[in-house]
1. With the requirement that a residue be open to solvent by 60 Å² or more (accessible area, probe 1.4 Å), free of Cβ contacts under 8 Å to residues at least 12 places away in the same chain and more than 29 Å from the chain's Cα centre (by Cα), what does region 222-237 give you?
2. Out of the residues in region 103-130 that are in contact with a Leu (Cβ under 6 Å, 6 or more places away or on another chain) and assigned to a strand (DSSP E or B), state the one that is surrounded by the most Cβ atoms within 10 Å (Cβ to Cβ).
3. Within region 41-60, work out how many residues are modelled with pLDDT under 80 and either open to solvent by 50 Å² or more (accessible area, probe 1.4 Å) or outside any loop (DSSP other than H, G, I, E, B) (or both).
4. Out of all the residues in region 1-18, which are open to solvent by less than 90 Å² (accessible area, probe 1.4 Å) and either more than 19 Å from A185 (Cα to Cα) or part of a loop (DSSP other than H, G, I, E, B) (or both)?
5. I'm told D245 meets every condition in (1) within 23 Å of the chain's Cα centre (by Cα); (2) in contact (Cβ under 8 Å) with a residue 24 or more places away in the chain except one. Can you identify the failing condition by its number?
6. Please name all residue pairs, on different chains or six or more residues apart, with Cβ atoms under 6 Å, provided the first residue is in region 161-190 and is part of a loop (DSSP other than H, G, I, E, B) and the second residue is of a type in the set (D, E) and open to solvent by less than 50 Å² (accessible area, probe 1.4 Å).
7. Which of the residues that make up region 224-270 are under 15 Å from I195 (Cα atoms) and of a type in the set (V, I, T)?
8. Could you say which residue among S153, S148 is under 19 Å from the mean Cα position of the chain (by Cα) and not hydrophobic (A, V, I, L, M, F, W, C)?
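The values are calculated or read from the model by the stated rules, or taken from the named source; none is laboratory data. As the structure is a prediction and not an experimental result, all values here were calculated from the model. For neighbour counting, all protein chains shown are included, and Cβ atoms are generated from backbone atoms with ideal geometry for every residue, glycine included. The area values use the complete protein model at the heavy-atom level, side chains included, leaving out ligands, DNA and RNA. Shrake-Rupley method; radii C 1.70, N 1.55, O 1.52, S 1.80 Å.
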Amino acid sequence: RIPKVQQLQADMFEGRELNKSINPDEAVAYGAAVQGAILSGNKSEEIQQMLLIDVTPLSLGIETAGGVMTTLIKRNSAIPINETKIFTTYQDRQPSVCIQVYEGERAMTKDNHLLGQFHLHGILPAPRGIPQIEVTFDVNANGIMEVSAYDKSTARGHTIQIRNDKGRLTKAQIDKMCQDAVLFADEDRSAKARIEAKSQLENYVHGIQMNIDNHSSHLPIPPEDVEVLKQTCEETQRWIDVNSDASEQQFRNKLKDMERKCAPIITRVYQNMSAGGPETVTVPDIKKMDDVD
């Protein structure tokens, strides 16, 4: 019933006219009647021959660093459904994480609907990116969702239950959210790309700093090169702090500038290391697990 969606569907089939002979309100009412009959235990032959599939009306996910909506269960997924994803910490020695559960189709959580939240405490002190927090979304046949977070290192966990009869969006609100997702698709893609570019730069800085702190005294690396790495990391981190609202391209340009200064030094370290030596240096991996604040 959404005009923009209808237009997109028509475009997919080379402009062919859509079949609109089915009344959407009648279809919903018919499906509700069938579902009611099934739940009430109706054993009639007509009901037994039907296969009724419930789906999630909106995507379900949690907020990760930068206010990004990270989806675990996509819209129109058949229920019951169970999905799990591994997340990590955003800061060094972070003692807890806040799990904020959202439903919606927008790229940023500020534009979606908050369903609930909880904190997982007792995470062992560790550098950012090291802890592994397993988050699971489990939606049963009645639409009741359980969200759990589990710290793999300490075996600590926490679970909340979110029911579909309280605090959920109305059909009109769901329709509007879907319309907004189409309307603001380009804006959302741009916002998410900017956050991802910033995260990649931060991860690269953190990776270099980890190598310096953990291995610089044992690796075949001249003190002047260590100083270059330290100074580059400090300058880049200061730039990030001052320019947190920079554009995607500015973050990507800053990453290229840092790689230009640091990559040759790391390459020389690899070349100078004896094969099979006990010490290793890690080139920062900018494709990290999603960070949870």
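1. Result: P223, E224, E227, Q231.
2. At the first step, the residues of region 103-130 found to be in contact with a Leu (Cβ under 6 Å, 6 or more places away or on another chain) are 103-104, 113.
In the following step, the residues that additionally are assigned to a strand (DSSP E or B) were identified as 103, 113.
Values: E103: 24, H113: 17.
Step by step, filter region 103-130, then rank; the result is E103.
3. Qualifying residue count for the region: 11.
4. I2, G15, L18
5. (2)
6. none
7. Scanning region 224-270 gives a single hit, I240.
8. Numbers: S153 fails: under 19 Å from the mean Cα position of the chain (by Cα).
Being under 19 Å from the mean Cα position of the chain (by Cα) and not hydrophobic (A, V, I, L, M, F, W, C) holds for just one of S153, S148, which is S148.
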